[in-house]
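The values are calculated or read from the model by the stated rules, or taken from the named source; none is laboratory data. Model, not experiment: these values are computed from the prediction. Cβ placement follows ideal geometry from the backbone for every residue including glycine, while neighbour counts extend to all protein chains displayed. SASA here: full protein model, heavy atoms, side chains in, ligands and nucleic acids out. Shrake-Rupley method; radii C 1.70, N 1.55, O 1.52, S 1.80 Å.
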Amino acid sequence: FFLFVMSSDNQWIAAQQKEASFQGQDVVATHLKNLEELYSKKLWHQLTVELEALFHLPNWKEGDFLVQLYQNFISTFQEKLNALKLAQFGIIISKQFQDADTALAFLNKLIDVVKHDAEAKILLQCAVGSLHLQRKEMKIVKELLEETKDSLDSLTGVDSVVNSSYYILSARFHKLSENAEGYYNDMLLYLSHIQAESLPQEEQASIAYDLSIAALVGESVYNFTELLVHPIFQSLNNTPNAWLGSFVQAFNVGDYDAFTDILAKNRNAFDSLDIFKRKENFLVEKIRILSLMCAVFRLSSENRTLTFAQVAEMTKLENNLELVEFLLIRALSLKLIKGIIDQVDQTVAISWVAPRVLEMSQLGIMKTKLAEWQEKVQEMQNFMFNESPELVNN
């Protein structure tokens, strides 16, 4: 694409600028001319900004111009650049190498250049980890994640590009490892550090799809609101996987009937996912536990002693009363509820339900509870005033 002639940095840039003009690449030529001028004046910050603009042009999907730019120009003054920016440039450059080994060698060499800057080093280590992950070298990736996590934990005010790079690598590692909880947590953290709308629509839908599956099959995931309220979740709408979004919503409110209805209407799509087929019994148990949690949440504190028959009705186990106690023990062991089971009287006294992020419909329940609590406080105040006015006045 451009004429590559090994020469001094200034001469090389000048030569590329002329070649770009000759080929009608006026925008590229302008950037190269600006780089030449800024370099000659040693205005390193302004030069970094100009490099950033050049790197983000859509011209570099093919060829190795950026590699040549680094070798002939940037490498001669790279120590004068902002280390984090240099790391970002290096990651873009590495994508122009023809094979992963060469890219890895380049990135590892650049790590030595920026090792004095913790954030830049972490960013490049994550890029190295991504290349190893592509080759499914899981042990190497795990070690890199552990090292970078320790480094991140020791820092404050970390740039979002560094955090997002760590969490996306960790999420992808967990996905390949079939660790649903790890993927779910780290992908949500990744999304919290980026502007999700900046991602291509297809990628948004893919992430929402994977997050929904991870939320459903995750052994310890019993709160879906953080996913439901995220804008990326809406990308499932009007797609063949829209049923999955409805599935998550049914779990979030513990709606067993909606669960069975959606499952019946989308059985083929459900069975096409091997992880769902393997975890179907778990999913049934999970929706029943969530049905119990949501039902108890709606009850006032003085009405939370339930018979096994009442629990069976809440969890659609009317025909399997012998499974009620097992379900309660399971919920207690997961620390989703606290309480005491009375096997003789066949009752359970529930004193606590795991807190959950509430959506708007659930906030209405909380509003009612607060109003009831305020009324009880007022009643107690009136009682104390009437029975012991001297205490109240004092």
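Worth a mention:
- Heavy-atom accessible area ranking, 1.4 Å probe, most first, across Val229, Val161: Val229, Val161
- Kirkwood analysis of the Cα pair distances in the range 171-278 returns a hydrodynamic radius of 14.1 Å.
- Helices meeting the span-like rule in the chain (full DSSP H runs, Cα extent of at least 15 Å along the helix axis, mean Kyte-Doolittle score of -0.5 or higher): 26-41, 44-55, 83-94, 100-114, 118-134, 160-176, 180-192, 201-217, 242-252, 280-297.
- Rolling a 1.4 Å probe over the protein heavy atoms of the chain, with every protein chain left in place, gives an accessible area that is 52 percent carbon and sulfur.
- Given charges at Cβ of Lys, Arg, Asp, Glu: the range 31-103 dipole, positive-most of Ala87, His45, Ala103: His45
- Farthest toward the positive end of the dipole of the chain, out of Asn163, Phe233, Met293, is the Cα of Asn163, where the dipole comes from beta carbon charges about the Cα centre.
- 26 Å Cα-Cα reach of Lys33 towards lysines, excluding residues that sit fewer than 8 places from it in its own chain: Lys18, Lys41, Lys42, Lys61, Lys80, Lys85, Lys95
- For the chain, the Cβ-based charge dipole about the Cα centre amounts to some 520 debye (Lys, Arg positive; Asp, Glu negative; other atoms uncharged).
- Trypsin sites (Lys or Arg not before Pro) restricted to the range 246-308 and DSSP loop, no more than 16 other C-beta within 10 Å: Arg298
- Placing +1 on the Cβ of every Lys and Arg and -1 on the Cβ of every Asp and Glu, with nothing else charged, gives the range 241-355 a dipole about its Cα centre of roughly 440 debye.
- The distance between label points at Glu325 and Asn281 comes to 2.0 nm (points 7 Å beyond Cα on the Cα→Cβ vector).
- The residues of the chain present an accessible area of 53 Å² per residue when probed at 1.4 Å with all protein chains retained.
- Label zone of Ser75 (point 7 Å out along Cα→Cβ, amide N under 17 Å): in the range 40-65 this covers 64-65.
- Low-density loop positions, trypsin sites (Lys or Arg not before Pro), the range 129-190 - DSSP coil, at most 16 other Cβ in 10 Å: Arg135, Lys136
- With a 1.4 Å probe rolled over the protein heavy atoms of all chains, the accessible area of Ile140, Ile111, Ile340 falls in the order Ile340, Ile140, Ile111, largest first.
- Cβ-defined net charge surrounding Tyr166, 13 Å radius [Lys, Arg +1; Asp, Glu -1]: -4
- Placing unit charges on each Cβ (+1 for Lys and Arg, -1 for Asp and Glu) gives the chain a dipole about its Cα centre, and among Thr260, Gln343, Ala205 the Cα reaching farthest toward its positive end belongs to Ala205.
- The trypsin sites (Lys or Arg not before Pro) of the range 53-125 that DSSP puts in a loop, and whose beta carbon has at most 16 other beta carbons within 10 Å, are Lys61, Lys95, Lys115.
- Cross-link partners for Lys175 among the lysines, with Cα-Cα distance under 17 Å and sequence neighbours closer than 8 places in the same chain left out: Lys136, Lys139, Lys142, Lys279.
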